[in-house]
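Okay, structure first, notes after.
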Amino acid sequence: MERWYRNTVIYSLDVSMFQDANGDGIGDLPGLISRLDYLSRLGVGTIWLNPIYPSPRLDGGYDITDYYTIDPRFGSLGDFSELLNQADELGLRIMLDLVVNHTSDQHPWFQSARADPDSPYRDWYVWSETEPPDRWLGTAFPGVEKETWTHDPVADAWYRHRFYRWQPDLNTDNPEVRAEIYKIIGYWLRLGVAGFRIDAAPFLVESRRPDEPTTWPDYGLLRQIRETVSWRRADAVLLAEANVGDEELLEYFGEGDGEPTRMMMLFAFRLNQAIMLALAREDAGPVRAVLDRLPDLPRHAQWATFLRNHDEVDLGRLSDDEREDVFAAFGPEPDMRLYDRGIRRRLAPMLAGDRRRLEMAYSLQLTMPGTPVLRYGDEIGMGEDLSRPEREAIRTPMQWSHTDNAGFSRAEPEQLIAPPIGAGPYGYPKINVTEQRLDPNSLLTWFERILHTRRECEEIGTGEHQVLDSGQPHVLVHTATGQRGRTLFLHNLSPDPCHCSLDPRLAGDSTPLGLAADADYGTGVDLTAIDLNGYGYRWIRLHRSF
């Protein structure tokens, strides 16, 4: 069976911010359908939709009130069915967010649970009759949410919430809750989705018992989720959000007969933080060190690589000195930082709009072991709106054109779900799809070329990666070797040009061939004399088996 997730490119988007078809100021499924041709041309293979369920949207839709339908602002189940059909026609897969660590406090389950201690849903949430001793510990949002237990006057009890107080935790120790999770999964798989991104996986498996906070994580829940998915749709994928220590990573994959038994994919948070540190210091050392330390994965397990996503740049696992270096380079102002650990900016302004650095950074991501995940707007270099609160700064409408509302919606500006970025170097009059479509040298055109080139290099996603000695601290050199060939990658994180000399035996009897580069380095490739421009990169095919 083809492991399609190992050679795809995942494109993450918020339906509400992508394209509004009916003019009410909110992006919707018909709007997304109208842009599928754009995504197909771009070169992505999988679309990951941020939550599309009914929600008060106090947290970007991650506060859910019904798991079995579509938020009416986005359309209907009929529209979703049509999205799946049209995506199939273009060879695109659709993944959904599975957010079952918590619900909205407006969910009927919680409303019933708080209203009556004898409610059948009372034990679907985590309650304490007395103030829990860990009330002030473990919040996911330091500096914004102070406590993880809130007293509910209706229930006259404390309920647990690792996230915002309007997101009460589901009691995943309860077999009835687990059965409901499996039913939710089965429902959407039956409709035709290709898999799920598992939101907040470490919180999902931690103990719910206030008197036993040190209980080991229940990874068995992840295995049960995997078994449910595999039984319903054998080729569906589970991608877990698990920013955990190195010693825990393999627990999320699990292993049986050499293959993963829990999650098939994990976001490579440690690699992401290393890349950010390397970009800040203009030194390849952090990436080199992490690549050397990445654990061997079970067969067919996969990392998901990313530079930016819908949340903050999380630097929580860097040392204090390392974090300060990244803050100084990319988040020097206090309002650019968030939760004492992150940066609420997009990559383009973090790199001062420097095309050389942007291309090098994304080239680096696309050549890392794993499956790349891009965020909508990355491909045109969108910026952020720091006047918006918390992570909303990076959740702004897609910039399609220089016309009113960035071509996102024909509604009046005051009706928009969020204002598009209108002023400055990243405003939609300057940064938009239409202008870049007409420019053969635009960032959008570059993304189309590089994503299609990557499709020819399946060894990146499925092969073995090896870091080589470049002789230059600011240059990362590595190879990816698979069944069909071997490719060499060089990335210069410094603004200064340099020269690398590598072992000519890397290519064996084959003639090296340049596949992609930041500039024209001439015909032919001499491995003993490889030139790199400042912030330059080169992809070199060493050999290919047919």
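The values are calculated or read from the model by the stated rules, or taken from the named source; none is laboratory data. Source: prediction; values computed, not measured. Glycine gets a Cβ as well: all are built from the backbone with ideal geometry, and neighbour counts include every protein chain shown. In case anyone asks, the SASA skips ligands and DNA or RNA and just uses the protein heavy atoms, side chains included. Shrake-Rupley method; radii C 1.70, N 1.55, O 1.52, S 1.80 Å.
Short-range pairs are left out: with C-alpha atoms under 8 Å and at least six residues apart, the relative contact order of the chain is 12 percent. When peptides 535-543, 66-74, 133-141 are sorted by average Cβ neighbour count within 10 Å, with the highest value leading, the order is 535-543, 66-74, 133-141. Between 0 and 90 degrees, the angle of helix 320-330 with respect to the longest Cα principal axis of the chain falls at about 70 degrees. Counting Cα-Cα pairs of the range 139-235 in 10 Å increments starting at 0 gives whole-percent bin shares of 14, 39, 31, 15, 1. Atom-type composition of the exposed protein surface of the range 1-92 places 45 percent of the accessible area on carbon and sulfur (1.4 angstrom probe). Angle between the Cα long axis of helix 175-191 and the longest principal axis of the chain, 0 to 90 degrees, nearest 10? So the inclination is approximately 50 degrees.
Among Tyr5, Tyr521, the sequence by solvent-accessible area, most first, with a 1.4 Å probe is Tyr521, Tyr5.
Centroid-to-centroid, using Cα positions, the range 176-242 and the range 504-521 are 44 Å apart. Based on the Kirkwood approach, the hydrodynamic radius assigned to the range 336-432 is 14.4 Å, with every pair of different Cα atoms included.
Accessible surface of Lys183, taken over heavy atoms with a 1.4 Å probe and every protein chain present, rounds to 110 Å². Size descriptors for the range 1-100: radius of gyration and Dmax over Cα atoms are 13.4, 43 Å. Expressed as a fraction of 2.2 N^0.38 Å, the value expected for a compact globular protein of N residues, the C-alpha radius of gyration of the range 287-342 is 1.39.
When each of the peptides 324-334, 478-488 is scored by how many other beta carbons lie within 10 Å of its residues on average, the order from highest to lowest is 478-488, 324-334. Could you check what % of the DSSP bridge pairs in the chain are antiparallel, to the nearest 5? Counting only bridges with both partners in the chain, antiparallel ones make up about 60 percent.
Averaged over residues, the count of other Cβ atoms within 10 Å places the peptides 392-403, 416-427 in the sequence 392-403, 416-427, highest first. Solvent exposure of Ser76, expressed as accessible area, is near 50 Å², computed with a probe of 1.4 Å over the protein chains only.
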